[in-house]
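Enquirer: Let me give you the structure first, and then I'll get to my questions.
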Amino acid sequence: MASEASESFEALYAQLEEHARRLEQGNLPLEESLKLYEEGAALVDRLRALLEGAELKLQQIQQRLEADESTLMEIEEQYDADGDELPF
């Protein structure tokens, strides 16, 4: 089995779905139900952390894109002020 750090979101989500499916059947002994519930809660925590990491990456990309757009606009304004054509 893959280590916790290398498991994909999709693999973890599939595990969570399987836990939920088994719990919804309702025919498990109490101890096994509790174990599955605890494992499911841990899976939710790991999935949430992966989603938060993805959100942070998206925010960083968006910030870079906004900075690049701002720089390009400054360059365009500079060329417009000089009466030059943009080289691209």
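Enquirer: What angle, in degrees between 0 and 90 and rounded to the nearest 10, separates the Cα long axis of helix 9-25 from the longest principal axis of the Cα atoms of the chain?
Expert: Value to nearest ten degrees: 30.
Enquirer: Where does the charge balance sit around ILE61 when Lys and Arg score +1, Asp and Glu -1, over other residues with C-beta under 12 Å from its C-beta?
Expert: So the surrounding residues net to -1.
Enquirer: In the Gaussian network model of the chain, springs joining C-alpha atoms below 10 Å, which of LEU23, LEU72, LEU56 carries the largest mean-square fluctuation?
Expert: LEU72
Enquirer: For the chain, with only Lys/Arg (+1) and Asp/Glu (-1) charged at the beta-carbon, what is the dipole magnitude about the Cα centre, in debye rounded to 20?
Expert: 940
Enquirer: Tell me the label only: which of [x] 79, 24, 17; [y] 131, 15, 8; [z] 40, 23, 22 is Cα extents along the principal axes in Å as calculated from this structure?
Expert: [x]
Enquirer: In degrees from 0 to 90, rounded to the nearest 10, what is the angle of the helix 30-82 Cα long axis to the longest principal axis of the chain?
Expert: With both axes taken from Cα atoms, the answer is about 0 degrees.
Quick note: the coordinates plus some simple rules give every number you see, no bench work behind them. All of these numbers come straight from a predicted model, not from anything done at the bench. Cβ coordinates were reconstructed from backbone atoms using ideal geometry, including for glycine residues, and neighbour counts include every protein chain displayed.
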